[in-house]
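Here is the structure we will look at.
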Amino acid sequence: MDSIPLSTLFIILIICLVLSAYFSGSETGLLSLNKYRLRFLAEQNNRGAKKAEKLLEKPDTLLSFILIFNNLVNISASAIATMIGMRLYGDAGVAMATGLLTFVMLVFSEIFPKTVAAMYPEKVGLFSSHILSFLLKIFYPLVWLMNIFTKSLMRLVGLKPDMQKQIISHEELRSIVTEAGEATPDEQHPQMLLSILDMGTVTVDDIMVPRHEIGGIDIDDEWKAIMRQLNHAAHNRVVLYKGSLDEQVLGILRVREAFRLLLEKNEFTKETLIRAADEVYFIPEGTPLKTQLMNFRANKERVGLVVDEYGDIKGLVTLEDILEEIVGDFTTSTAPTIDEEVIQQSDGSILIEGSANLRDLNKMFGWELDTEDARTFNGLILEHLEEIPDEGTVCEIEGLQITILEVADNMIKQAKVVKR
């Protein structure tokens, strides 16, 4: 070894440091790649992405290969640096070479390349995948032997050597969508994705039209009153009942179909209306939206009545209601929107109508009001106070100071809210 020129040793040392930096950066770059972005690039026929994806299919093999050669060049660099130190300064040169090499390797072969790779994982990872794929084919037998030895050692100490596949959870997926929404000026699409994710936890009870707001026609009314209600129907479908909703529901009447049938047969009678009504489709309370969406599709229905365990009607849900839960309001409705039910005041307080939906309020302000037992803001306050309050009553719920401003018909019509 003494016959090797000093200049050659320096060149070999520099090559070892460069290789060490390459392996260190490649490891960080490949492991920092976004697997969803990588899959997208691979589907776009990006060669580097395809090779990187194949390498990451067996992370244990990839890590073993990188670590073997990274340690090999590091040990070689240490041996060469020791030789150079002894030639230049004798025994004292060994300590000098060790200290200097430690600093150089730490900065230029570890910290710097890994930092760069962490900042630009796609550029570093995709570039390195070409070289690593080629080298891994050549040295695969060596890596395979090392893996066999490592897995045997893991079994010896009671560890399972199989790499477990990472499965993204519901909460993690929500975080990904939320972060994506913060990075793009388009707020609608991320919000739609979040709404889809929430369909497993949101039930028909949360979006249904309450029983007392259901539009219907009593077949026992006078014919003129029935026709007047048909002419002024706010929706394309109305509930046809006899006496009251609690007594006998006859069906769901399609207004246009009713008029067509009446004109065709020229029979303006109640019996004609009853024949025109579709059979009622009932929905059990507590049905998740994603389940009900599939049920609507399977049964070819668009509207249903929500019933409780005793068969009593609680509300009405349509296919449009479920779709609006995902994409937002897109149909003309006489019901006020959440923006119309909430008024921001200049002093920071908020005027809220009692009919405002709690889930909409939570979404709008980031609150965590309990939606388990109450659906509206009025219901939440009544449940908390356990009585119908007088105007001017003040209470506090979940850090919100609530002042009752208007009470009518045994309901809280409007309240003032101040965040504590």
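Extension gain, V18 to M146, is 43.6 nm, computed as 0.36 nm per intervening residue step minus the present C-alpha separation. Which one of A276, G25, G251 is farthest out on the positive end of the charge dipole of the chain, using unit charges on Cβ (Lys, Arg +1; Asp, Glu -1) and the Cα centre as origin? The residue sitting most towards the positive pole is G25. Contact order, relative form, for segment 6-157: 39 percent (alpha carbon pairs under 8 Å, 6 or more residues apart, mean separation divided by residue count). Counting only heavy atoms of the protein chains and using a 1.4 Å probe, H212 has close to 140 Å² of accessible surface.
May I ask for log10 I(q)/I(0) of the chain at q = 0.06, 0.10, 0.14 Å⁻¹, from a Debye sum over the Cα atoms as equal point scatterers with solvent left out? Log10 of I(q)/I(0), two decimals: -0.52, -0.88, -1.25. For segment 73-102, the residues whose backbone nitrogen is under 20 Å from a point 7 Å from the Cα of T8, taken along Cα to Cβ, are 73, 76-89.
Report, to the nearest whole %, how much of the accessible area of segment 202-327 belongs to carbon and sulfur atoms, 1.4 Å probe, protein only. After summing per-atom areas, the C and S share lands at 48 percent.
Across the options L319, I402, I381, the greatest Cα extent toward the positive end of the charge dipole of segment 317-420 (unit charges at beta carbon of Lys, Arg, Asp, Glu) belongs to I402. Taking all protein chains together and rolling a 1.4 Å probe, T287 ends up with roughly 20 Å² accessible.
With respect to the chain, whose longest principal axis is taken over its alpha-carbon atoms, helix 289-299 is tilted by about 60°. Considering only L156, V116, L56, and ranking their Cα positions along the charge dipole of segment 22-173 that arises from unit charges at the beta-carbon of Lys, Arg, Asp and Glu, the one farthest toward the positive end is L56. Between V157 and I75, the C-beta separation translates, for a Förster distance of 30 Å, into a calculated FRET efficiency of about 0.70. Using the Cβ-Cβ distance between E383 and R211 with R0 set to 25 Å, the FRET efficiency from 1/(1 + (r/R0)^6) comes to roughly 0.90.
Solvent exposure of segment 4-146, expressed per residue, is 58 Å² of accessible area, with all protein chains present and a 1.4 angstrom probe. Taking all protein chains together, L135, L106, L369 sort by accessible area into L106, L135, L369, largest first [probe 1.4 Å]. Charges were assigned to the Cβ only: +1 to each Lys and Arg, -1 to each Asp and Glu. The resulting dipole of segment 6-157 about its Cα centre is roughly 520 debye. I80 contributes about 20 Å² of solvent-accessible surface, heavy atoms of the protein only, 1.4 Å probe.
Under 5 Å between amide hydrogens, built in the peptide plane, is the criterion, and for E406 it picks out K413, Q414 among residues at least 5 positions away or on other chains.
Summing Cβ point charges (Lys, Arg +1; Asp, Glu -1) relative to the Cα centre of the chain gives a dipole of roughly 3580 debye. For E396 and T269, what is the calculated FRET efficiency with R₀ set at 45 Å and r taken between the beta-carbons, to the nearest 0.05? About 0.20, to the nearest 0.05.
Once you keep just the Cα pairs under 8 angstrom separated by 6 or more residues, what percentage relative contact order results for segment 338-419?
29
Distance between the 7 Å Cα→Cβ label points at A92 and E320: 9.2 nm.
In loop segments of segment 245-323 as defined by DSSP, the chymotrypsin sites (Phe, Trp or Tyr not before Pro) with at most 12 further C-beta atoms inside 10 Å of their C-beta are F268, Y310.
Computed packing ranks the peptides 361-367, 203-209 as 203-209, 361-367, most packed first, by mean other Cβ atoms within 10 Å.
Computed on the chain, with alpha-carbon pairs under 8 angstrom and 6+ residues apart, the relative contact order is 10 percent.
For the residue pairs K54/K160; K242/K314; K54/K151; K114/K160, the alpha carbons lie more than 26 Å apart in K114/K160.
The values are calculated or read from the model by the stated rules, or taken from the named source; none is laboratory data. This is a predicted model, so every value here is computed, not measured. Cβ coordinates were reconstructed from backbone atoms using ideal geometry, including for glycine residues, and neighbour counts include every protein chain displayed. In case anyone asks, the SASA skips ligands and DNA or RNA and just uses the protein heavy atoms, side chains included. Shrake-Rupley method; radii C 1.70, N 1.55, O 1.52, S 1.80 Å.
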